[in-house]
1. Do we have LEU246 as under 30 Å from TYR13 (Cα atoms), at pLDDT 90 or above and surrounded by fewer than 12 Cβ atoms within 10 Å (Cβ to Cβ) here?
2. Please go through the stretch 461-475 and pick out each residue that is more than 14 Å from ALA413 (Cα to Cα), surrounded by 12 or more Cβ atoms within 10 Å (Cβ to Cβ), out of contact with any Asp or Glu (no Cβ under 6 Å at 6 or more places or on another chain) and modelled with pLDDT of 90 or more.
3. Among ILE42, ILE47, ILE80, which is more than 19 Å from ASN18 (Cβ to Cβ), crowded, with 18+ Cβ neighbours inside 10 Å and either free of Cβ contacts under 8 Å to residues at least 40 places away in the same chain or of a type in the set (A, V, I, L, M, F, W, C) (or both)?
4. For the stretch 455-474, name all the residues that are in a loop (DSSP other than H, G, I, E, B) and either touching a Leu at 6+ places or on another chain (Cβ under 7 Å) or closer than 13 Å to VAL421 by Cβ (or both).
5. Among the listed residues ILE280, ILE319, identify the single one that is part of a helix (DSSP H, G or I) and closer than 30 Å to GLY469 by Cα.
6. From the set of residues in the stretch 1-38 that are of a type in the set (Gly, Ala, Ser) and surrounded by fewer than 16 Cβ atoms within 10 Å (Cβ to Cβ), which is nearest to ALA201 (Cα to Cα)?
Amino acid sequence: MTAMDLQEQVKAYTAWVNSQLKKRSQRIEDLGQDLKDGSVLITVVEIVSGQDLGGVKPKNEAESKANIVKVLNFMKTSGIKLHHVTVDEIVAGNVKALMQLILALAAHFKPASIGGRKHGNGDKHHSSSPASKYRWKNTSGDGSPSSGRSLIAEKTFNEMETELAHVRNLAGTLQKLLVEEANGIPVEGANDLEDNIILRARIGQADSEKQRLEGEIEKLRLECRNLTTEKEVSENRLKQQENEILSLRQELMHCNLDRDKLKSEKAELEVDLQESQSDIERYRLRYHEREAAVTKLENELTLYKAEQSRLLLRKEDEISHLQMRLKNNANLNDSVFHDPPVRLPHSPGLSPAGRSPVLARRSPGSPILDRRAGEKLSRRSPVTRSHPPRRKKIIENAQTRILYFTDRDMTPAMTTIPKRVGDITLGDFKASIKKYGNYRFIFKALDPELGTVKEEVFHDDDVIPGWEGKIVAWVEEELRV
């Protein structure tokens with residue numbers, strides 16, 4: 001705000017105060033100096049409000065502050081909002097604080113000039129006008145009614161324009177308050193200078209109203225243009241959305257077709273799955289049947305081998321019996337065809353071996369001697385003479401085949417242990433296949449009553465059962481929860 005603008009506003013406020021004081025034949029010249037003692041200010045308040053505040057003519061600064069405190073308390077009880085105005089500022093003759101106080105009084109007790117409601121002078125609880133409320137909210141801390149630099153500096157460009165428009169409206173309202181009374185009668189100046197000031201205020205008010213209307217017209221035009229632009233943008237957006245909706249519908253149609261296709265494929269797969277399950281069940285039945293047949297054949301083979309083993313043992317017993325009989329026959333022949341040796345006393349005519357002359361005269365190629373020599377070389381039967389003993393061969397070449405199945409592979413693994421079936425323990429089996437830890441060891445065995453069974457062995461010192469001269473086992477990993 002320039003110094004000239006501030007001076008013009010001070011003149012306008014002074015003219016308004018003089019228009020009120022004229023009712024009591026009083027007048028002021030300097031707004032700051034004449035109102036700082038509070039007595040004239042109490043008079044203005046009593047005129048516009050119709051209340052008696054009981055002011056005194058102050059003789060010192062304390063009484064001046066007492067008058068100003070009465071004015072401020074009256075405004076507070078009357079519901080007049082007044083911000084950033086202190087007693088010290090008014091006592092010091094702060095023009096901006098006084099202007100702010102006068103504007104609050106004029107806006108509260110002269111609402112008819114703003115086009116609002118009429119209130120009685122005796123009502124102490126009138127609400128401030130909207131323009132006054134907005135003005136005090138946007139007034140800076142220095143007390144100037146038209147200054148708001150600190151607040152405007154924090155606003156954006158659009159907010160600054162709005163603030164400027166409100167300031168103009170409030171300035172016009174203030175001018176209207178200053179040049180008119182509550183009943184609409186124009187204020188007359190006491191002299192030509194005051195009349196000139198009032199006329200200038202009216203002209204400024206008309207110019208402000210004109211500028212306001214022009215600004216509103218320009219704003220309406222701009223809004224119309226903006227609305228036209230927004231309409232075009234909305235139409236374009238609507239077309240774009242319609243195109244998107246059309247594409248979405250097409251995609252939805254494709255999705256429905258794909259869904260139907262997937263449903264048909266799912267139905268076909270379900271049929272194939274049922275057929276596969278039927279085939280699996282049929283193959284499982286066949287497998288059980290064949291397993292039962294194999295088990296039966298294994299049992300029959302086991303029985304056949306047992307029978308053959310018994311027959312083999314019987315034959316071996318017969319062969320042993322025949323060998324004994326042949327041995328006995330050979331001893332009998334020796335006793336029949338050979339005389340027993342005769343012990344004769346020693347004489348020089350006898351041979352050194354002490355044999356009889358008859359025996360000594362027998363030639364080395366005698367059949368009897370040859371036969372006896374042959375019997376000493378071999379006492380075995382002709383059946384077993386050309387074959388080594390069976391049990392001795394088994395002991396020397398003892399190798400047992402191990403077949404074992406695991407959880408991860410259906411094909412059995414094979415290894416050998418250099419021991420006979422019946423001498424192999426669970427510890428030997430673990431060392432051979434190198435399986436330690438949480439495992440179950442199950443072996444195929446032959447039960448005399450039940451036939452082929454599966455037997456589980458737990459301790460390392462236990463002898464594991466065999467089956468048909470070999471060991472068949474299942475190694476299962478034991479899961480612990």
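1. When the stated conditions are applied, LEU246 does not pass them.
2. ASP462, VAL463, ILE464, GLY466
3. Only one candidate passes the filter, namely ILE80.
4. Matches in the stretch 455-474: HIS459, ASP460, ASP462, ILE464, PRO465, GLY466, GLU468, GLY469.
5. ILE319
6. So, considering only residues that are of a type in the set (Gly, Ala, Ser) and surrounded by fewer than 16 Cβ atoms within 10 Å (Cβ to Cβ), the one nearest to ALA201 (Cα to Cα) is ALA3.
The values are calculated or read from the model by the stated rules, or taken from the named source; none is laboratory data. Remember, it's a predicted structure, so these values are computed and weren't measured experimentally. Cβ sites come from the backbone with ideal geometry, for glycine too, and all protein chains shown count toward neighbours.
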